[in-house]
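The values are calculated or read from the model by the stated rules, or taken from the named source; none is laboratory data. In this text, all values refer to a predicted model and were calculated from it rather than measured experimentally. Cβ placement follows ideal geometry from the backbone for every residue including glycine, while neighbour counts extend to all protein chains displayed.
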Amino acid sequence: MTVLSVDLAYRRYRDCGTVLLRRQAGAIAVDFPSLELSGTPAPEPLAARLAHIAAEAQVHCILLDGPQAWKDEDNGLVHARRCERALNTPAKTGLPGQVKPANYGPFVEFSIAVFDALERLGWPRLEDPLRPRRRSVESFPTAAWRGLGLRSLPAKSRTHPADLQEALRRLCAVFHLELAREPNHDELQAIVAGLGGLALEAQNGGGFRAEGVPPFRKAGSPREGFILLPQRRFGLFPD
């Protein structure tokens with residue numbers, strides 16, 4: 001049982017934290033596959049590389065830390081998707097092309113485009129958490145830390161090496177992680193988000209929470225969707 005988790009970045013490939021989490025006897029093995037890409041990320045090459053890594057690792061779940069869709073105008077909210085409202089995400093995706101705050105706009109459009117590219121490659125958005133199949137899944141590391149009862153990792157610009165080591169120590173106190181090496185900030189965010197994917201793959205309902213509603217298309221654009229979070233009641237992984 002293995003998942004691929006990505007802390008998405010749109011300015012430089014090297015800022016994409018990319019990890020493979022594999023459940024094995026009594027532990028979670030964490031590896032760091034190389035994207036083998038350089039320069040400014042583009043949705044199609046990134047999606048193709050992620051799909052290749054997933055195929056090699058026999059992965060059925062790819063998690064991405066970024067919005068997958070736009071708001072449904074009939075969801076009862078003014079500026080956000082239902083999952084964003086529930087988790088108080090920093091970026092709110094409105095109707096197609098509308099993002100608050102506006103400076104998140106390029107990242108949101110890039111992230112949705114990556115989900116679209118993955119879907120064209122046979123990785124549809126998560127529609128039913130209880131239906132095992134190959135899928136791409138939206139994650140949110142800040143809420144993942146909170147879902148595990150742990151203090152969230154600060155933004156990368158405000159994180160000192162000691163903060164990173166302490167956050168890793170706290171996470172390893174809950175889960176037995178066997179790391180190929182110490183993760184950087186982006187990789188640690190991908191690790192904590194990916195834990196929800198492992199619980200999803202194991203169909204361990206106490207180990208994950210899916211906030212939001214199933215994604216759908218309206219007027220040619222993807223709308224709404226679930227954000228997946230790990231929960232402390234992991235069952236599969238003892239405290």
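I'd like to know if segment 88-102 contains one or more residues that are part of a helix (DSSP H, G or I) and more than 18 Å from the chain's Cα centre (by Cα).
Kept after step one, since they are part of a helix (DSSP H, G or I), are these residues of segment 88-102: 102.
Then keep just the ones that are more than 18 Å from the chain's Cα centre (by Cα); that gives 102.
Yes, segment 88-102 contains at least one residue that is part of a helix (DSSP H, G or I) and more than 18 Å from the chain's Cα centre (by Cα).
Any chance segment 196-215 includes a residue that's loosely packed, with under 13 Cβ neighbours inside 10 Å and over 22 Å from VAL3 (Cα atoms)? Before you say what the answer is, go through the steps one by one.
Our first condition is that a residue be loosely packed, with under 13 Cβ neighbours inside 10 Å; within segment 196-215, this holds for 206.
Adding the requirement that they be over 22 Å from VAL3 (Cα atoms) leaves none.
No, the conditions are met nowhere in segment 196-215.
Which of the following residues is assigned to a strand (DSSP E or B), modelled with pLDDT of 95 or more, small (Gly, Ala, Ser) and more than 17 Å from ARG12 (Cβ to Cβ): ALA55, ALA29?
On the way: ALA55 fails: assigned to a strand (DSSP E or B).
That would be ALA29, the only listed residue that is assigned to a strand (DSSP E or B), modelled with pLDDT of 95 or more, small (Gly, Ala, Ser) and more than 17 Å from ARG12 (Cβ to Cβ).
Identify, by number, the condition in (1) part of a helix (DSSP H, G or I); (2) at pLDDT below 95; (3) out of contact with any helix residue (DSSP H, G or I) (no Cβ under 6 Å at 6 or more places or on another chain) that ALA199 doesn't meet.
(3)
Evaluate the following for PRO132: is it surrounded by fewer than 23 Cβ atoms within 10 Å (Cβ to Cβ) and touching an Asp or Glu at 6+ places or on another chain (Cβ under 9 Å)?
Yes; evaluated as a whole, the condition is true for this residue.
For the condition in contact with a Pro (Cβ under 6 Å, 6 or more places away or on another chain) and under 23 Å from LEU46 (Cα atoms), what is the one hit in ALA117, ALA144?
Result: ALA117 is the single residue among ALA117, ALA144 that is in contact with a Pro (Cβ under 6 Å, 6 or more places away or on another chain) and under 23 Å from LEU46 (Cα atoms).
So which pairs qualify, if the first residue must be in segment 79-92 and modelled with pLDDT under 95, the second must be among the charged types (D, E, K, R) and not in a loop (DSSP other than H, G, I, E, B), the Cβ gap must be under 8 Å, and the two must be at least 6 apart or on different chains?
Once the first residue is modelled with pLDDT under 95 and sits in segment 79-92, its partners that are among the charged types (D, E, K, R) and not in a loop (DSSP other than H, G, I, E, B) give HIS79/LYS92; HIS79/LYS100; ALA91/GLU84; ALA91/LYS100.
Looking at ARG232, ARG131, ARG170, which is the one that is among the basic types (Lys, Arg), in a helix (DSSP H, G or I) and either modelled with pLDDT under 95 or over 26 Å from ALA54 (Cα atoms) (or both)?
On the way: ARG232 fails: in a helix (DSSP H, G or I); ARG131 fails: in a helix (DSSP H, G or I).
One residue alone meets the criteria, ARG170.
How many residues does segment 15-44 contain that are β-branched (Val, Ile, Thr) and touching a Ser or Thr at 6+ places or on another chain (Cβ under 6 Å)?
Keep residues of segment 15-44 that are β-branched (Val, Ile, Thr), which gives 18-19, 28, 30, 40.
Narrowing the set further to residues that are touching a Ser or Thr at 6+ places or on another chain (Cβ under 6 Å) leaves 19.
Count: 1.
Are there any pairs with C-beta distances below 8 angstrom linking a residue in segment 109-137 that is more than 15 Å from PRO215 (Cα to Cα) to a residue that is among the acidic types (Asp, Glu), with the two at least 6 apart or on different chains, and if so which?
Final answer for the pair search is ALA117/GLU44; PRO132/GLU201.
Residues are listed down the side, and each one gets a yes or a no for (1) assigned to a strand (DSSP E or B); (2) modelled with pLDDT of 95 or more; (3) more than 28 Å from ARG85 (Cβ to Cβ); (4) not β-branched (Val, Ile, Thr):
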position	(1), (2), (3), (4)
TRP145	no, yes, no, yes
SER152	no, no, no, yes
SER157	no, no, no, yes
LEU188	no, yes, no, yes
PHE216	yes, yes, no, yes
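Exactly one of (1) surrounded by fewer than 18 Cβ atoms within 10 Å (Cβ to Cβ); (2) of a type in the set (Gly, Ala, Ser); (3) closer than 14 Å to VAL114 by Cα is unmet by SER38. Its number?
(3)
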